[in-house]
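Each remark here refers to the structure printed beneath this line.
Nothing in this text is a laboratory measurement; each read-out follows from the coordinates by a stated rule. Model, not experiment: these values are computed from the prediction. When we count neighbours, we look across all protein chains shown, and the Cβ atoms used for this are built from the backbone with ideal geometry, even at glycine.
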2 protein chains.
Amino acid sequence: MKHNLLIAHGGGPTAVVNASLAGVICSAQKEKDIGKILAARHGVEGLLEEDFIDLTDFNQDSIKRLKTTPASAIGTCRLKVREEDCGLIVKILHKYDIGYFLYIGGNDSMDTCNKIHLITNDVNVIGIPKTIDNDLAVTDHCPGFGSAARYYAVSTAELALDIQALNIHVSVMEIMGRNAGWLTASTALARKIISGGASQLIYLPERPFLEEKFLYDISSAWKKRKGIVVTVSEGLVRENGELLVNPKHKSTFDSFGHVLIGNVSQYLADLINSKLGIRARSEKPGLLGRTSKALVSEVDREEAYDAGFTAVQQAVKGMNGFMIGLQRISEEPYQVKQKLILLKDVANLERKVPDEFINEQGNDVTESFLKYICPLTGKNFPDYFQF
Amino acid sequence: MKHNLLIAHGGGPTAVVNASLAGVICSAQKEKDIGKILAARHGVEGLLEEDFIDLTDFNQDSIKRLKTTPASAIGTCRLKVREEDCGLIVKILHKYDIGYFLYIGGNDSMDTCNKIHLITNDVNVIGIPKTIDNDLAVTDHCPGFGSAARYYAVSTAELALDIQALNIHVSVMEIMGRNAGWLTASTALARKIISGGASQLIYLPERPFLEEKFLYDISSAWKKRKGIVVTVSEGLVRENGELLVNPKHKSTFDSFGHVLIGNVSQYLADLINSKLGIRARSEKPGLLGRTSKALVSEVDREEAYDAGFTAVQQAVKGMNGFMIGLQRISEEPYQVKQKLILLKDVANLERKVPDEFINEQGNDVTESFLKYICPLTGKNFPDYFQF
């Protein structure tokens, strides 16, 4: 008997989350057990308000355009599902004869997805991973990460070209990633992209941030070259566990208790200016890091699409309570296979950058990290001319 | 009789200044009156230190790569030529038998260029325009501007996609441009790029910035839609003529007295958070706006190349003391022709966004501005899918 499918999206958009949605639609259109393909606008918000878009007859041309559009075409949200919402959710899923519920998101969303799995009996629930932060547990990496990593790697390389052309200042660039420094680490790829490398320092939130050590690193690098790029995670913390820059306003908290972290890069640029008398500025591409169409990783986009495609197949097969994960089966050539991971094993867990990927001094990454990340960021990096 | 050519670059890099350099090299290699083609490293700094690169036999493949590399391959500087340097400059130009001196730069650099023109007799001096700020006088627009404008237009469109997908906050994005708001104005193109437009507000430094009015604009827009993109010039000034955010440190000044302006976007995001209780964040791509290879405007790149190419031809013809400007001779199809502008007519002058390009409320641009800017930013804007 046919049942309907409902797809929704939770958490921040990425450059390839629409590719996962495109994969879901394509796959669902092929399944004879699926009736309508519905999408909730703005995640669980749309679910609770029965605000659905019918994608059953979504055409091939639109799917193709959707697949290459950044951000989230169906909208997303940062709403935590409350206990008292659960009854309503069950009722609505029943009302619309939803047999398959797919949720695209990161660790908070996988928790939401698991909750919905636990309160429903006759709905097959599958999670589709999505996070630029790459902090989901168990999976080798996560759709959305490779493209953001490519954005930051290329941007860091271009920033280094600019900074070195002028050769008069330090630029501190702030990189997204609250607790996990995967994206900040990815900026190290800049040295693979521009020949001759760059004078570059990298600080991850996995290590306590020591201002004295930081200033020592900067002044040492400055003696060698007057054009330094420093990439720092937005979530840097001091030895006492406090954020380097504390948020100022209550309105910056979302319903998960996450906060909009304030301006670490400008704080550090000010520090360099005032303590070392070295001209320093800050760059903070912020959300641009996760929405660039031009700097999408093709590898990432295809993996995102495939995760969506497979999620539907698994749900129709009767799988329930799983997330589609990735397992790397070969380094050269790079190859991955999908695997099913229990939602409860990823919900609310956070994977940080492991020690073997961070250098001893805590101001760079290791070669093994570069080996890990390189294939995820795609091919055909820009070709720059350098004297 | 053969003489040598010297090329140098002053001021901030752009995405296409290397294209102008490529044009110079290509053109000079064809001229039988030119002996060596020399480039000074880091502008007048390299000139004063006789730090030259010989590009006479620079090969075609390298020229091609150079043409598409952002930043400045020969390096640039922010050094003001002092009176006491003039004698030394004349001596060095003589020593290296320089018959042709070309300087690529903005208004400060055209002043430097004019100074060198005035102190030399037997050197033909030609300026090649370069500025992302588009603030050079007399010329219709300036190489470097179109690419930065494309970067900001596409980035604003992508930011709007992201912000509207979440629909929970305001993003204030800071745009380069100290006194002239051309680049900030260019973000209005976002509404041409994404169908259905965006909830967008735009503030240029040409109008005094009134905080009360700004907060009123934000809360009015917020009532209509909970996802707003605000683009602001880094150089916003209050009614009393003071910068919105004053620089903190002496080390942030360069030798022209220009200052690294601090973080207007974060200041305004804080203001929205504290005064309106609306979740607001800031983005500040900063230098990334002028160094992106992926978002170069092809029109801009070709005009930059052509300006370099022509500069050599004019210098060889005996022209001296001019800058290569652009005159728009047709709107549809877009067509420009080059014209010679006296260096003294552009040196140190600054062209701001005229009144007819700014809306009455001072929070947007006019249709006539969009008509002006559209062709400069190139073709083939990204195609986004939207419900």
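Modelled spin labels at A:LYS224 and B:HIS94, positioned 7 Å past Cα toward Cβ, are 4.2 nm from each other. Say the cut-off is 19 Å between C-alpha atoms; which of A:LYS36/A:LYS317; A:LYS192/B:LYS293; A:LYS192/A:LYS226; A:LYS2/A:LYS80; A:LYS213/B:LYS284 go over it? Where the Cα-Cα span goes over 19 Å, the pairs concerned are A:LYS192/A:LYS226; A:LYS2/A:LYS80; A:LYS213/B:LYS284.
Provide B:THR131, B:THR76 in ascending order of the number of other Cβ atoms located within 10 Å of each residue's Cβ, fewest first.
Ordered from fewest to most neighbouring Cβ atoms within 10 Å, B:THR131, B:THR76 come out as B:THR131, B:THR76.
The local environment of A:GLY177, defined by Cβ-Cβ distances under 9 Å, has a net charge of -2 under the rule Lys, Arg +1 and Asp, Glu -1. Placing dummy labels 7 Å off each Cα toward the beta-carbon, the span from A:ASN348 to A:SER330 is 4.0 nm.
If you take all other residues with their beta carbon under 9 Å from the beta carbon of A:ALA71, and give Lys and Arg +1 and Asp and Glu -1, the sum is -1.
Label-point spacing at B:LYS223 relative to the other copies reads 6.2 nm, in ascending order, each point sitting 7 Å out from Cα along Cα→Cβ.
Calculation over all alpha carbon pairs of the protein assembly as shown in 20 angstrom steps from 0 returns a P(r) of 17, 48, 29, 6, 0 percent.
Decide, for chain B, between rounded, prolate and oblate: order the square roots of the alpha carbon gyration tensor eigenvalues as a ≥ b ≥ c, take rounded if a/c falls under 1.5, and otherwise choose prolate if a/b is larger than b/c, else oblate. Verdict is prolate for chain B. Distance from the alpha carbon centroid of segment A:364-384 to that of segment A:59-88 works out to 30 angstrom. Note on segment A:4-91: semi-axes of the ellipsoid equivalent to its C-alpha gyration tensor, largest first and rounded to whole Å, are 23, 17, 9. Across identical copies of the chain, A:GLU331 has label-point separations of 6.1 nm, listed in ascending order, with the point defined 7 angstrom from Cα along Cα→Cβ. Remark on A:ASN124: its backbone amide H falls under 5 Å from those of A:TYR100, A:PHE101, a criterion applied only to residues 5 or more positions apart or on other chains, H modelled at 1.01 Å from N.
Think of it as helices only: each DSSP H run of n ≥ 4 in the protein assembly as shown is worth -39500 (n - 2.57), and spread over all residues that comes to -10500 deg cm²/dmol at 222 nm. Residues in segment A:45-62 carry Karplus couplings, in order, of 4, x, 4, 5, 9, 6, 9, 10, 10, 8, 10, 3, 10, 4, 7, 4, 5, 5 Hz; the curve used is 6.51 cos²θ - 1.76 cosθ + 1.60 with θ = phi - 60°, and Gly or Pro positions show x. Taken one residue at a time, the phi angles of segment A:206-218 give Karplus couplings (6.51, -1.76, 1.60, θ = phi - 60°) of 5, 10, x, 8, 10, 4, 4, 4, 4, 5, 5, 4, 5 Hz. Gly and Pro are set to x.
Each residue in B:ASP300, B:ASP51 was given a count of other beta-carbon atoms within 10 angstrom of its own, and listing them fewest first yields B:ASP51, B:ASP300. Pairwise Cα separations in segment B:66-195 fall into 10 Å bins from 0 onward with the following percentages, short to long: 11, 31, 27, 17, 9, 5, 1. Each copy carries a label point for A:GLN361 at 7 Å from Cα along the beta-carbon vector; from one copy to the others these points are 5.3 nm apart, nearest first.
Modelled spin-label separation between A:LYS192 and B:SER62, with each label point placed 7 Å from Cα along the Cα-to-Cβ direction: 2.7 nm. Here the Karplus curve 6.51 cos²θ - 1.76 cosθ + 1.60, taken at θ = phi - 60°, turns the phi angles of segment B:167-175 into couplings of 6, 10, 8, 9, 10, 9, 9, 8, 10 Hz, with x standing for Gly and Pro.
Under 5 Å between amide hydrogens, built in the peptide plane, is the criterion, and for A:GLY325 it picks out A:LYS339, A:LEU340, A:ILE341 among residues at least 5 positions away or on other chains.
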